[in-house]
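The values are calculated or read from the model by the stated rules, or taken from the named source; none is laboratory data. On a predicted model such as this, the values are computed, not experimentally measured, just so you know. No Cβ is skipped: glycine too gets one built from the backbone with ideal geometry, and neighbour counts run over all protein chains shown. All accessible areas refer to the heavy atoms of the entire protein, side chains included, with ligands and DNA or RNA removed. Shrake-Rupley method; radii C 1.70, N 1.55, O 1.52, S 1.80 Å.
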Amino acid sequence: MGARPEVVGAGCPSGRLPGGTYAVTLACRGARSADFTVRNGSDVLVEVMLRCGTTRVKVLQLEKDAVLGMTITAHSPADFAYRVSRI
């Protein structure tokens with residue numbers, strides 16, 4: 001399967017997430033696993049392999065406004081989701 005890059009923050013008026021603390025919830029449903037990578041520009045903030053059928057929450061501290069890039073690579077056909085929530 002291939003990687004699917006997406007940009008997080010596109011729903012914000014400026015296209016950026018304001019600096020602060022965020023919870024990133026990752027989920028996968030399928031037969032195997034998926035790799036999730038969250039970046040701020042070229043900086044990798046989160047890199048995790050998630051077994052499908054589970055969820056994981058990571059907490060991020062953004063020092064300043066950011067546009068997060070999310071890349072998800074599934075190792076077999078799978079559904080996956082993520083949610084970024086300010087806490």
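Structure notes:
- Close amide H partners of Cys52, meaning residues 5 or more places away or on another chain with modelled amide H under 5 Å apart, are Arg32, Ser33, Ala34.
- Based on protein heavy atoms only, the range 14-87 ends up with 57 Å² per residue of surface accessible to a 1.4 Å probe.
- Of all accessible heavy-atom area on the range 20-87, the percent that carbon and sulfur account for (1.4 Å): 47 percent
- Remark: the range 79-87, residue by residue, has Karplus-estimated 3J(HN,Hα) of 9, 9, 8, 8, 9, 10, 10, 6, 10 Hz, where x stands for each Gly or Pro and the curve is 6.51 cos²θ - 1.76 cosθ + 1.60 at θ = phi - 60°.
- Contact order normalised by residue count of the range 34-87, Cα under 8 Å, 6+ apart, percent: 42 percent
- In this structure the amide hydrogen of Gly69, modeled in the peptide plane, comes within under 5 Å of the amide hydrogens of Val8, Arg39, Asn40, Gly41, none closer than 5 places in sequence on its chain.
- If R0 is taken as 35 Å, the Cβ-Cβ distance between Asp79 and Val59 corresponds to a FRET efficiency of 0.90.
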